[in-house]
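Visitor: Sharing a structure, written as structure tokens. Questions coming.
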Amino acid sequence: MADGLKAVARVGIPGEHRGILCDHHLFRILRHWLKADHDPFYNPLNDYVILPTSFEIERHHEKGYQVTSLKEEWEIITEDQEDLQTNANTKPLVGSISISHVGDDQSSREEAHATVTVHPQSEGKQHVELNAVSVYAGV
């Protein structure tokens, strides 16, 4: 009871700290204890995995403005081979949005712009980019 909790069971997993995090036996034990052995909503035929591949955020102040920029990239991994052939020769999909807001007292203003680019699928992966900029001007 070193951690103050009553132990239901204790299991020893040999290995180093990082090695244990990758141990399939440990995850099988945890799934069993958490009663997460079966996910009724998981379908391996059409579910996909999103892997963040990069993330950048930058903030700076300039002439009374606070500017924040964000760039994120993801890889969507799917095994849907039917879409793989039809999307291989298409152009990237690009969508953008701009929002502005003036404060109630008219002394502050905020603007945000974002662009999302979804590239065609290649080798079971689909690359997605998000670029966003926020500008805040206040007294």
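The values are calculated or read from the model by the stated rules, or taken from the named source; none is laboratory data. From a predicted model like this one, the values you see are computed outputs, not experimental measurements.
Visitor: Of all residues in the range 83-139, count the ones that are under 15 Å from V67 (Cα atoms), assigned to a loop (DSSP other than H, G, I, E, B) and at pLDDT 80 or above.
Guide: Selection size over the range 83-139: 1.
Visitor: Could you go through the range 62-70 and let me know if any residue there is closer than 13 Å to P120 by Cα, modelled with pLDDT of 85 or more and among the β-branched types (V, I, T). Walk me through how you get there before you give the answer.
Guide: Applying the first criterion (closer than 13 Å to P120 by Cα) to the range 62-70 yields none.
Within the range 62-70, none of the residues are closer than 13 Å to P120 by Cα, modelled with pLDDT of 85 or more and among the β-branched types (V, I, T).
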